[in-house]
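Structure first, commentary second.
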Number of protein chains: 4
Amino acid sequence: MSTKKTVGILGASGYTGAELVRLLLRHPKVEIVLLTGDRRAGLPIGDVFPQFAPYDLPRLVSIDEVDWAKAALDLVFCALPHATTQKVLKDLVAKAPGTKVVDLSADFRLEDPAAYAKWYGHEHHALELQNEAVYGLVEVYRREIKKARLVANPGCYTTCAQLPLIPLLKARAIEPDEIVVDAKSGVTGAGRSLKEEMLFTEVSEGFHAYGVGHHRHMSELDQEFSKAAGKEVIVSFTPHLVPMNRGLLSTIYVRGRRGKTAQDLHEILSKVYEKEPFVHVLPFGKTPQTRHVRGSNMTHIGVVSDRIAGRAIVVSVLDNMTKGASGQAVQNMNVMLGFAEGTGIDQPAMFP
Amino acid sequence: MSTKKTVGILGASGYTGAELVRLLLRHPKVEIVLLTGDRRAGLPIGDVFPQFAPYDLPRLVSIDEVDWAKAALDLVFCALPHATTQKVLKDLVAKAPGTKVVDLSADFRLEDPAAYAKWYGHEHHALELQNEAVYGLVEVYRREIKKARLVANPGCYTTCAQLPLIPLLKARAIEPDEIVVDAKSGVTGAGRSLKEEMLFTEVSEGFHAYGVGHHRHMSELDQEFSKAAGKEVIVSFTPHLVPMNRGLLSTIYVRGRRGKTAQDLHEILSKVYEKEPFVHVLPFGKTPQTRHVRGSNMTHIGVVSDRIAGRAIVVSVLDNMTKGASGQAVQNMNVMLGFAEGTGIDQPAMFP
Amino acid sequence: MSTKKTVGILGASGYTGAELVRLLLRHPKVEIVLLTGDRRAGLPIGDVFPQFAPYDLPRLVSIDEVDWAKAALDLVFCALPHATTQKVLKDLVAKAPGTKVVDLSADFRLEDPAAYAKWYGHEHHALELQNEAVYGLVEVYRREIKKARLVANPGCYTTCAQLPLIPLLKARAIEPDEIVVDAKSGVTGAGRSLKEEMLFTEVSEGFHAYGVGHHRHMSELDQEFSKAAGKEVIVSFTPHLVPMNRGLLSTIYVRGRRGKTAQDLHEILSKVYEKEPFVHVLPFGKTPQTRHVRGSNMTHIGVVSDRIAGRAIVVSVLDNMTKGASGQAVQNMNVMLGFAEGTGIDQPAMFP
Amino acid sequence: MSTKKTVGILGASGYTGAELVRLLLRHPKVEIVLLTGDRRAGLPIGDVFPQFAPYDLPRLVSIDEVDWAKAALDLVFCALPHATTQKVLKDLVAKAPGTKVVDLSADFRLEDPAAYAKWYGHEHHALELQNEAVYGLVEVYRREIKKARLVANPGCYTTCAQLPLIPLLKARAIEPDEIVVDAKSGVTGAGRSLKEEMLFTEVSEGFHAYGVGHHRHMSELDQEFSKAAGKEVIVSFTPHLVPMNRGLLSTIYVRGRRGKTAQDLHEILSKVYEKEPFVHVLPFGKTPQTRHVRGSNMTHIGVVSDRIAGRAIVVSVLDNMTKGASGQAVQNMNVMLGFAEGTGIDQPAMFP
């Protein structure tokens, strides 16, 4: 036990917090020594998530009670709400500069303070931290993440769209001005907060789009797609809510550039991801299903020809709780702490 | 009773058949006098659909037992599988020329025999009937339907895409070559036939696209969109399966033409559908949900500006079993038999 | 229109309120002239339940705004929370003594003030009204309901258990001390209020019992079963939550008395309910499913022999929103206002 | 790798087969070297279960192709349909007597050939094997399983009822003649075979009992309960189908014997299971939910006082695919091959 690294989870009473506990409980290289949950402070985690009652885990404490210097954690996962995050991490880093951080909020994902202010409606409160933050899409920024102290874990929608699109944009293989990303997510993406529209009775047996024309994840897409393409890229993006717990699927409509066919696009993706442990490109013409990645850290990608000449349809799926949030956070931790990248997150998906 | 019109339902042991029974049981102007169901012939309909056990309805018979001339029905709903339909209706019309027909299969929807042969893999077997068939999208072809003997009830995907797009194409308000229709359907759209991929365990808690790049409903879209636009129109269309029973939603990405904005498109649709009983256009900027049309014959349409200048997102919903199949079939019957159009199908939706 | 009776719905922004609107919108004998919804006062009902946006309905008002004397409604449906109800109805009846009331809360169901105080933790605040209230299980109290001014609409669990058990207890056909009622309900039974345990993510893909050993509906069961049996009867009752919107099923374990077999029990129920429009007894040995009564006012009951000699299993189902709440309320109204009992609520179930 | 034990899975194209693959893929002590699937022989397992496409696994072969002697497997999991199993295992054991077997079918669970013939309608075809088979409820028969060559893995319903009831019957703490087991299962319990009643459209948004009064799992309950009680015990048992994939809950109604209260029963269970890794007894008065054991090998048990004096309600849950089938099978393997009992199956549950 003495050789295990110590980790803490801030916001352990939410769903991404629970998913982190699930993945870390059997991770052979780390030990969970801190769980915070402000509204439930003092309770055993098993009272908040009964699936953990049989296990030996620390009680929930309030963040204010934590003495960061004394705790001297190796790494902290921060699954707090937007804005709170900036304040907490500023404090943490000041008091325990040796503690690494994987932040699951959106607070450190945007490099440009102006973009942040525009999408979030206020100035960023921890700009110096923002400066050192690394965007945590491992397949793209692995080298930077290895050396980072603070990693901004990407959003679920953005991970699902970026994994197929970034290599195609980098290869200049598709028209950057004609991309449509039609995305569909399970309900866990909305977290555990109380909203009428998230009641079972309001969600089940129905389907709808939301945030049409304006969704904060767009800013992340813009940033990464523009970097990949070497020019400003703005995609058409519409999220929808599927009556299921986990899973996210993006149907992406693209036009090949300079004669590139759907098969060419497929070949590019197949090559780029050939050796990636968590991205699986299906045979050409096949499309993936969210159920086949449920609970796993995998992304599956399929490419199909559209019947309109020159156009292709790319479909990508992941589990929004795992590769779309907590699984990717553990993947980032593995890279940051020097473990084998798949440690603790290489379980196959659970279907049915 | 004697003044009621007599109707029959061919294929009453399937889901669209059951939906017809549900709607017609309380229709004040007609009486169900014939129910066929070949594999279940001889059984009371209540054995096949227990919700009908308490009601007085004819037993299921085999189609071969029916003497069409003697039955002399006023109208027949045909909910048989593709191909069987052509044979049965040819025979029916020959023996009972006074019986009107609403056909819910795809067999008489395509005007062009070559298109039919291409999409269905064989020659059409009842071309003379095809010639007189009227495409049953009431909001577009009401006048023709009034006089028709044979109406081809449109498909669910096509109804949901055509109602918003046809007026926009007719008004030359959108670019016809840049339309993307991303469609999502509940599972009843697949009918009651036994397929592994339709088991509860294979469908629930997951989401996927199917028929990507090639789906037979495309031929119907091509036909009607091209007529509306006055030139060949081919849209990008991808259907998806949602883990719910009823409901269909289309997210439609368009670019305005000649400076037309999203608000202009909204205005066009609002005017066209102002007096239509079964199409409701939401206020500009709002988008509809399938749950709010469940079990009703309504279509709800919303229009939103995309953040990309010049582009708009149109979202339309209907219940694939009602306006997408049996409700629209009754609407067609009402027009053909001279009843008030909403008779028997004006119930509000059931939510939650 | 002038000949229609005028009705109001108090608490129209909840689910039972919405179900009343659904059923009454097409009821040929009444017109909805008042809708209250305190937190949403001022809004069109279509903003709160978009399925009603296309229809002509009054705006939501606050109860305090209503002048009961001036409104002089023929009947009011009260779908308010427990306790508020007593206050509001006391006021209403004082100011508009000619207005009849169907109350959907539990406030007037218990005849014994001591029982009320015990289960609800405080004195009853409208005892004189309680005295005149009639328990609204139409199949049992039809005669009393005809003359009532105030009808206490039964709970969903109680209706589902009472319809099969009251006739058996009255006939002294089962042991009153060995009854187990294992009940399972859809989620709409919990209403639209915000509770973490009612989020989609907490309910879907799981099953659990709740209120084990203590549930307020028990008091209603005790009262009616004891009256039917002519002695005190206390049953073992456990409710469970099913991940579905609508439907309630009771599995009832009984022991026949004085040699009565399961078939005898079936015969008793079949005779009692032979002419009831809303209770359907299945052939002996068959059991019902909730989906076949969805959206309808029907109760289906099945009786099966247990393999243990002398014991039987009775299964009953209804839609908790319809026969378990708003449908039964309309049935009560029909009886109170002298309409044919099935008016407006005789639609068959919607399946699938 | 060379030190790993070799295992095979017969019937790997079914759901229990897939669950075995999921659990064994990351089991550190064994290697999957054989997968059979007669109808899909020749295909990669990834074609049948796409979640396994990224992993290195043997292709599906037909059982007839297997040379058991040459394969010389350490252990085989048999997930074949009833009856086929007897034939296959007879052959296997004859040719490879050193290969151990965990059989997931019902074929070797009944010790009494007469009981088998009665419940399954024909003579047992491998009586000599039946004689050596050990009933694989680890918590009860751990010692026997350690030495067994053939273990009959218990059914899901029976595991869920036996874990709480066997200790209570052994302790003579409850009346053996008044037990009611009301059980509710997710849909995966029905397997992957094509049946109309298992279509998504037939299962979702509804609830029903099935096999009322006669279900084959009863024979297993009778056998084990009678052994535990030392006298013939026949319980009242009714299974129901819940619209969810995984999870099984039993609500068990019992009467204490010789003054035993609910709290006494709770104490008995708490003691018996204090050190069991896969049985968790909740604090007195709390009841478990299926979602909190999803995907894990845990059983959670709660005990509550009924309001009827002397009676108690016991609620137990497990995941029918894991502790109710494949997880328990791996637990049996671990015992048989001398591994730590929790190896490969100690992952916490996945919720939400």
Segment C:1-49-segment D:93-122 distance, computed between alpha-carbon centres (Å): 63 Å
D:THR3 paired with D:ARG26, simple spin-label distance in nm, labels 7 Å along Cα-to-beta-carbon: 2.2 nm
Scattering profile of segment D:113-178 at q = 0.14, 0.15, 0.21, 0.23 Å⁻¹ [log10 I(q)/I(0), Debye over alpha-carbon scatterers]: -0.57, -0.65, -1.03, -1.08
Among beta bridges that DSSP assigns inside chain B, antiparallel share in %, nearest 5: 45 percent
Rel. contact order, % - alpha carbon contacts under 8 angstrom, at least six apart, chain C: 17 percent
Exercise: per-residue mean of other protein chain Cβ atoms within 10 Å, C:191-199: 5
Equivalent-ellipsoid semi-axes of segment B:69-160, from the Cα gyration tensor, Å, largest first: 20, 17, 11
Long-range lysine pairs (8 or more apart or interchain), segment A:59-195, Cα under 14 Å: 5
Shielding of A:244-255 by partner chains, average beta-carbon count, 10 Å: 5
Residue of chain B nearest the B-to-A rotation axis [by Cβ], rounded angstrom distance: B:ASP182, 2
Separation of alpha-carbon centers, segment C:307-348 and segment A:289-352, rounded to whole Å: 49 Å
Mean-position separation - Cα centroids, segment C:180-242 and segment C:57-89, in angstrom: 28 Å
Calculated [θ] (222 nm, deg cm²/dmol) that DSSP helices of n ≥ 4 give over chain C, each run adding -39,500 (n - 2.57): -8500 deg cm²/dmol
Rounded, prolate or oblate (a/c below 1.5 giving rounded, otherwise prolate when a/b exceeds b/c) for segment A:143-246 by Cα gyration tensor: oblate
Principal axis dimensions, largest first and in whole angstrom, of segment C:272-352 by Cα: 47, 30, 18
Cα-derived Rg to Rh of segment C:149-207, Kirkwood definition: 1.12
Calculated label separations, B:PRO283, copies of the chain, 7 Å along the beta-carbon direction, nm: 4.9, 5.3, 5.6
Alpha carbon Rg of chain A, scaled by the compact-globule rule 2.2 N^0.38 Å: 0.97
Inter-chain Cβ neighbour average for residues D:233-240, partner chain, 10 Å: 5
Selected from A:LEU165, A:LEU23, A:LEU248 as most flexible by GNM, with chain A as the system and alpha-carbon contacts under 10 Å: A:LEU23
Rg ratio (alpha-carbon, reference 2.2 N^0.38 Å) - segment A:212-268: 1.38
Overall dimensions of segment D:1-133 as given by Cα atoms, namely Rg and Dmax in Å: 15.2, 47
Largest-first ellipsoid semi-axes for segment C:71-221, taking √(5λ) over the Cα gyration tensor eigenvalues, angstrom: 28, 22, 15
Beta bridges by DSSP in the protein assembly as shown, antiparallel share as percent, to the nearest 5: 45 percent
In Hz, Karplus ³J(HN,Hα) per residue of segment C:111-116 (6.51, -1.76, 1.60; θ = phi - 60°; x = Gly, Pro): 6, 8, x, 5, 4, 4
Alpha-carbon Debye profile of segment A:1-65, log10 I(q)/I(0) at 0.15, 0.22 Å⁻¹: -0.40, -0.86
Extreme residue, positive dipole direction of segment D:117-215, given options D:VAL187, D:GLY121, D:LEU165 (C-beta unit charges): D:LEU165
Contact order normalised by residue count of segment A:146-230, Cα under 8 Å, 6+ apart, percent: 56 percent
Solvent-accessible area of B:TRP68 with every protein chain in place, 1.4 Å probe, in Å² to the nearest 10: 10 Å²
Given charges at beta-carbon only (K, R positive; D, E negative), |dipole| of the protein assembly as shown in Debye: 0 debye
Percentage relative contact order, segment C:91-192, counting C-alpha pairs under 8 Å, at least six apart: 26 percent
Accessible heavy-atom area order of D:ARG142, B:ARG26, D:ARG59, highest first, probe of 1.4 Å: D:ARG59, B:ARG26, D:ARG142
Cα Rg, Dmax (largest Cα-Cα span) when computed across segment A:248-312, Å: 12.4, 39
Rounded to 5, the percent of DSSP beta bridges in segment B:253-352 classed as antiparallel: 75 percent
Selected from B:TYR141, B:TYR273, B:TYR253 as most flexible by GNM, with chain B as the system and alpha-carbon contacts under 10 Å: B:TYR141
D_trans [Stokes-Einstein, Kirkwood Rh over alpha-carbon pairs] for the protein assembly as shown, 20 °C, 1.002 mPa s, µm² s⁻¹: 64 µm²/s
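The values are calculated or read from the model by the stated rules, or taken from the named source; none is laboratory data. What you are looking at is a predicted structure, and each value in this text was computed from that prediction instead of being measured. Please note: Cβ atoms are built from the backbone with ideal geometry, for glycine as well, and neighbour counts cover all protein chains shown. Side chains included, ligands, DNA and RNA excluded: accessible areas come from the protein's heavy atoms. Shrake-Rupley method; radii C 1.70, N 1.55, O 1.52, S 1.80 Å.
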